Each structure stands twice: as structure tokens, then as C-alpha cells.
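J.: If you scroll down you'll find the structure; I have some questions about it.
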Amino acid sequence: MKAIDNKELIQVLEELEKEKGIKKSYMIEAIETALVTAYKRNFDSAENVKVVMDNNTGETHVYSVKEIVEVVEDSKLQIQLDQAKKISKKAEIGDTIDVELVPKNFGRIAAQTAKQIIIQKFREAEREIIYSEFSDRKGEIVSGIVQKADTGIVVMDLGKLEGIMPKKEQIPTENYKVNDKIKGYVLDVVKESKGNPQVIVSRSACDFARKLFEFEIPEIYEGVIEIKSVSRDPGKRCKVAVYSENENIDPVGSCVGQKGVRIQNIINELNGEKIDVIEWNPDPAIYISAALLPAKVMAVDIKEEEKFAQVIVPDDQLSLAIGKAGQNARLAAKLTNWKIDIKSETQFRQMLEELQNADEVEE
């Protein structure tokens, strides 16, 4: 931006107000504040100075604000009453009065300062616009190109902004390479004190899977089928509970699709993560049984107040119900929000016998 005169300055501020929504009054106030600092840096920092810029002409006036006194002890901060009366007939002892200063070369300093403030505020406004645009996309899926992936954190080019995917938000089974095109779920948009806002992106969040279902399954997007709950072990397994009030709709079948076509797109996006789609049920016993799929359940004993479920499975289904490293049971508990204890039929019988024997001993 070249040096600008007062008239051009006002025109620039008016254009910024129209195009970027930055109020002219706000800009002038910011320039005045910066000019006070510029004056003190270049001239006399001991004076109590204020700068006033005319909203219409852009003319800048510098004033030393002085207290009106009988005897001046500090000429930089005080002025005698008779001198003050020459500026304003209404001047009284104890009041303050603005004494105009005409510092040499201040016009050049003012023009340079105004230029710097305009550039600064323009950049701030651009960042604010970008922040507003992306903060509205919180909870959405975005696509981006991987820029960096060698420090544990993945940096994505999202167009106007960078997306940051921390280690904990990545799918552990995935390896990201520069120029890979990937999708992610916008967890948050963070304002930075300097530079553009940061978009925090996740591929491991349960809501990423939820959004993929909304994207791929029209009935979910339209609200005909509702996702009640999602639990994930990112990269390994995901459980999704779905429900429809319409009795003519099979929520699980609709999500899986003919020959698994619909669900396959989601599995591919999640790098082969296995997905169990189960039907939500208001009866916790039925719901918990479904949540433990692919294992078959014999019985579920519910303790409603404690949200605790004792589950009995056939002997040959125990390891399947618990899953590798407890994965299936853990995901079922997260999905249903119930504490689940799984026992085989033999274990349950032994437990009953032990309780019975204990009762007989007490008698």
C-alpha cells in the first residue's frame, strides 16, 4: 500500500466498511490509539497525549491533555489558568484542557501508522471471516490434502485454512503420506492470537463414523432412521445402534444395504474397520443382547438402578462375547451405557451352586 493522504485514507476506511464489514469508527479509534503510541515513541513519552482523527476529512490533531492549576509544577502535565483561558474561556482550576501540539514530521508518522493499522485490521478481519466460516462447520466432515505427516501430527490443507489432526485423533492402523486426500471430522475451530484459526480434525471420533452414516444412508440424513449411539475402537471395530419409528422400515437392513453395498463405503473410508449395526430397543435386556453381537446371548438379568446387566452366554460363545482383549464387551458397554458382566452357562451354574452351598452352611 503506498502512502495515502487524509482524503484517500477515509475512502479506504469506507471501502473496508462496505466490503469487509470493518466499521470506520472502529478503524479510526484503532489508528488514534496507535498514533498515541507512535507520538510517545518519537517525541515525548512524559506528556499525557491524545490523538483525534476527523471522521470525515481524516485530518489528525495531537493534543497534550493538561490539568489547570494556579502554580505549574510540571509543564508537561499542567497549565496555568490564565494560559488555559486563552484556549477556552470556560476553563477552571481542577479541569483538564486539550492543548494542541504540532509535532514536526508527525504527518509522515501518522500516514505510516495508519497504513500499518489498516493492513493489521484487514488481516484480522480476514481471519475473523475465515473463523466464522469454519466455526459454522464444526461437527461436519471436511476433505483435505495431507501437507505434513512426519511429526506425529498430521497437517491438512483445507483450502483457506490448515487442518490439524493430533495423534490421538488419528486411526492407529492408518499411515498418512504427503499428498494423500483424506476426510476428517471437525472437532473444533480454535482462534490463534496470531495467524489464521486452527481447525482440529479427527478420524478416530465416534462422531466421524456417525457423520459417515448420515452421508451414506439417505434414510439417516432424512431422519427416517435415527442413530441412537456409536462406540468405536478406531481402526478395529465400531458398533452403531439404529432405530426407526416406522415399523415398515428395517433400520439395520437399510444401513447395511443390499449385499452390504452401503456399509462397504463406510468400511472403506474407515480403512477396513469392522462395523456392527444393531437395532436399538427400549428394553435394555434386548438392546444389550443385540449390542453383544456377533455372540449369542442366553439370558440378561437387569439391575435398573445400578445400570448393571448380568449376561449369560453358551460356553462356546464366551470368548466371542468378550472379544479379543475384551473389545466386544467394552464396545457393547459404551454403546448401551450399561455395566455388563458376561458369564458362560457353566460359570453361572457354578456361581449359583456356590451361593446355594453358602446359604446351606449359614442355616
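J.: What net charge is computed for the residues neighbouring Gly184, neighbours being all others with C-beta under 14 Å from the C-beta of Gly184, Lys and Arg scored +1, Asp and Glu -1?
T.: Around Gly184, the surrounding residues sum to 0.
J.: Roughly how many nanometres apart are two label points built 7 Å out from the Cα toward the Cβ at Asn105 and Glu67?
T.: 3.4
J.: Let me ask something else about it. Choose one answer from Val313, Val230, Val102: the residue with the largest mean-square fluctuation in a GNM of the chain with alpha-carbon springs under 10 Å.
T.: Taking springs between Cα atoms under 10 Å, the residue moving most is Val102.
J.: Roughly what would the spin-label model give for Thr33 and Glu247, points 7 Å off Cα along C-beta, in nm?
T.: Distance between the two pseudo-spin positions: 6.6 nm.
J.: Now for a different question. Could you tell me the distance between the Cα centroids of region 311-337 and region 180-253, to the nearest Å?
T.: What the calculation gives is 24 Å, centre to centre.
J.: With +1 on each Lys and Arg Cβ and -1 on each Asp and Glu Cβ, and nothing else charged, work out how big the dipole of the chain is about its Cα centre, in Debye to the nearest 20.
T.: For this selection, approximately 2020 debye.
J.: Express as a percent, rounded to the nearest 5, the fraction of DSSP beta bridges in region 277-348 (both residues included) that run antiparallel.
T.: Of all bridge pairs located within region 277-348, approximately 45 percent are antiparallel.
J.: While we're looking at this one, here's another question. Once you have a ≥ b ≥ c as the square roots of the Cα gyration tensor eigenvalues for the chain, tell me rounded if a/c is under 1.5, and otherwise prolate or oblate according to whether a/b is larger than b/c. Walk me through the numbers on the way to the answer.
T.: Numbers: a/c = 3.97, a/b = 2.68, b/c = 1.48.
Since a/c reaches 1.5 and a/b is larger than b/c, the shape of the chain is classed as prolate.
J.: Roughly how many nanometres apart are two label points built 7 Å out from the Cα toward the Cβ at Arg330 and Gln112?
T.: Taking the simple label geometry, Arg330 and Gln112 are separated by 6.2 nm.
J.: Turning to a different aspect of this structure: List the relative contact order of region 1-66 as a percent without decimals, with contacts defined as Cα pairs under 8 Å and 6+ residues apart.
T.: Computed over region 1-66, the figure is 29 percent.
J.: Something else about it: Indicate the gyration tensor shape class of region 297-342 (rounded, prolate or oblate), computed on the Cα atoms with a ≥ b ≥ c the square roots of the eigenvalues: a/c under 1.5 is rounded; otherwise a/b larger than b/c is prolate and the rest oblate.
T.: It comes out oblate by the Cα gyration axes.
J.: So which of Lys148/Lys228; Lys66/Lys115; Lys20/Lys167; Lys23/Lys191; Lys160/Lys334 end up more than 27 Å apart by C-alpha?
T.: Over 27 Å Cα-Cα: Lys148/Lys228; Lys66/Lys115; Lys20/Lys167; Lys160/Lys334.
J.: Taking a ≥ b ≥ c as the square roots of the Cα gyration tensor eigenvalues, with a/c under 1.5 meaning rounded and otherwise prolate when a/b beats b/c, else oblate, which class fits region 138-201?
T.: It comes out prolate by the Cα gyration axes.
J.: Counting other Cβ atoms within 10 Å, keep those with at most 15, restrict to DSSP loop, and tell me which trypsin sites (Lys or Arg not before Pro) in region 237-311 are left. Intermediate values should be presented prior to the final figure.
T.: Details: sites: Arg237, Lys239, Lys259, Arg262, Lys274, Lys296, Lys303, Lys307; in loops: Lys296, Lys307.
When the trypsin sites (Lys or Arg not before Pro) of region 237-311 are filtered for loop state and at most 15 Cβ neighbours within 10 Å, Lys296, Lys307 remain.
J.: With a cut-off of 8 Å between alpha carbons and a minimum separation of six or more residues, what is the relative contact order of region 6-133 in percent?
T.: 23
Bear in mind that the values in this text are calculations on the coordinates, not laboratory data. Quantities reported herein were computed from a predicted structural model and do not represent experimental measurements. So basically every Cβ, Gly included, is an ideal-geometry build from the backbone, and we count neighbours across all protein chains shown.
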